[in-house]
Amino acid sequence: MSWKPLVALVLALLNGVQTAPAADDTGPVAESWRIHWQRHDAVFASRPLISSGQREYFAQLQLAVPAEAMLALLLDTAAVPSWAHHATDAIVLQQLSGNQFLVYSRYSPPWPVSNRDLVTKSRHWHQDNGIWLQAEATPQLRGQSKGYLRVRQMQTCWFAQRMGPQQSRLSYLGYIDDPGSVPNFIVNPAQAAVLNTTLDNLINIIQRYEPAPAPTWDFSAPLEPGYCQRLRQVIDHFPAFGKD
């Protein structure tokens with residue numbers, strides 16, 4: 001996949017580009033989506049968070065892989081540095097149940113952003129002819145690491161919908177409230193660029209992943225879907241490509 005250059009991306013973030021209607025949900029956002037780029041098989045957009053002035057990101061991609069391959073990749077913590085931009089390592093601290101994990105990861109972004117670390121609790125399930133994975137920061141579940149700033153607020157949701165035997169539509173929604181003192185006009189373009197590269201890496205590496213076996217992904221949806229409910233609402237309302 002060919003992404004827009006970083007300079008164009010920064011200019012789009014600072015000056016504004018095409019906007020789309022916001023989803024009809026109740027969350028920490030106040031403005032419409034800003035579309036950074038869009039084509040026939042992919043879209044990447046963001047909107048501001050009221051709480052911090054940073055941004056929530058949405059991406060949707062058509063992939064020539066089965067939906068289960070997404071889960072196989074996301075559960076492979078040893079592979080995280082190969083696709084998550086600036087990640088140096090990730091380990092499973094504890095498997096809480098068959099589909100719930102506590103994971104610790106570290107990141108070394110370039111100056112002026114210092115090292116960050118992250119403790120996340122994830123859960124995945126099968127619903128709507130696809131696989132969902134939700135993760136949120138749980139900073140209190142591991143002590144502070146020397147030389148790292150702890151990310152304290154983060155939520156993400158991934159949804160891989162089956163579109164055919166070897167076709168899926170991958171949707172992503174997420175935000176990270178950066179814990180440092182770098183101003184938002186630097187943090188926001190940097191976060192967008194990191195996610196842009198991360199998606200590029202994911203597309204390249206996911207082609208090599210075999211589908212996860214059914215016992216790995218065939219779990220019922222939680223009673224409270226949490227942040228993934230926001231992604232469901234965004235998918236329903238966003239004027240993205242490929243709607244049936």
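The values are calculated or read from the model by the stated rules, or taken from the named source; none is laboratory data. Only a predicted model underlies this, so the values are computations on that prediction, with no experimental measurement involved. Methodologically, a virtual Cβ is constructed for each residue, glycine included, from the backbone with ideal geometry; neighbour enumeration extends over all protein chains shown. Each accessible area value is taken on the protein alone, full model and side chains, heavy atoms only, with ligands, DNA and RNA left out. Shrake-Rupley method; radii C 1.70, N 1.55, O 1.52, S 1.80 Å.
Within the set of pairs 6+ apart or on separate chains, which have a first residue in region 34-56 that is touching a residue at least 60 places away in the same chain (Cβ under 8 Å), a second that is open to solvent by less than 20 Å² (accessible area, probe 1.4 Å) and of a type in the set (D, E), and C-beta atoms under 8 Å apart? Note: pairs meeting the criteria are S46/E56; L49/E56.
Quick check: anything in region 184-206 under 23 Å from A59 (Cα atoms), part of a loop (DSSP other than H, G, I, E, B) and open to solvent by less than 50 Å² (accessible area, probe 1.4 Å)? Let's see the steps before the verdict.
So the first thing to find is which residues in region 184-206 are under 23 Å from A59 (Cα atoms), and the list is 184-206.
After this cut, where a residue has to be part of a loop (DSSP other than H, G, I, E, B) as well, the list is none.
Checked region 184-206: no residue is under 23 Å from A59 (Cα atoms), part of a loop (DSSP other than H, G, I, E, B) and open to solvent by less than 50 Å² (accessible area, probe 1.4 Å).
Determine, yes or no, whether I176 is of a type in the set (V, I, T) and in a strand (DSSP E or B). Here the answer is yes, as I176 does meet what is asked. Screening D177 with (1) in contact with a strand residue (DSSP E or B) (Cβ under 9 Å, 6 or more places away or on another chain); (2) surrounded by fewer than 16 Cβ atoms within 10 Å (Cβ to Cβ) gives one miss only, at (2). Evaluation of H124 against the conditions (1) touching a residue at least 40 places away in the same chain (Cβ under 8 Å); (2) under 23 Å from L223 (Cβ atoms); (3) over 18 Å from the mean Cα position of the chain (by Cα) shows that the sole unmet condition is (3).
Taking P139 as the residue in question, decide whether it is out of contact with any helix residue (DSSP H, G or I) (no Cβ under 9 Å at 6 or more places or on another chain) and within 27 Å of T88 (Cα to Cα).
Values: out of contact with any helix residue (DSSP H, G or I) (no Cβ under 9 Å at 6 or more places or on another chain): yes; within 27 Å of T88 (Cα to Cα): yes.
Taking the combined requirement at face value, the residue satisfies it.
Within region 198-221, is there a residue that is touching a residue at least 40 places away in the same chain (Cβ under 8 Å) and farther than 24 Å from P66 by Cβ? No, because not a single residue in region 198-221 is touching a residue at least 40 places away in the same chain (Cβ under 8 Å) and farther than 24 Å from P66 by Cβ. Does region 209-232 contain at least one residue that is under 17 Å from H86 (Cβ atoms) and either of a type in the set (K, R) or in contact with a helix residue (DSSP H, G or I) (Cβ under 8 Å, 6 or more places away or on another chain) (or both)? No; the residues of region 209-232 include none that is under 17 Å from H86 (Cβ atoms) and either of a type in the set (K, R) or in contact with a helix residue (DSSP H, G or I) (Cβ under 8 Å, 6 or more places away or on another chain) (or both).
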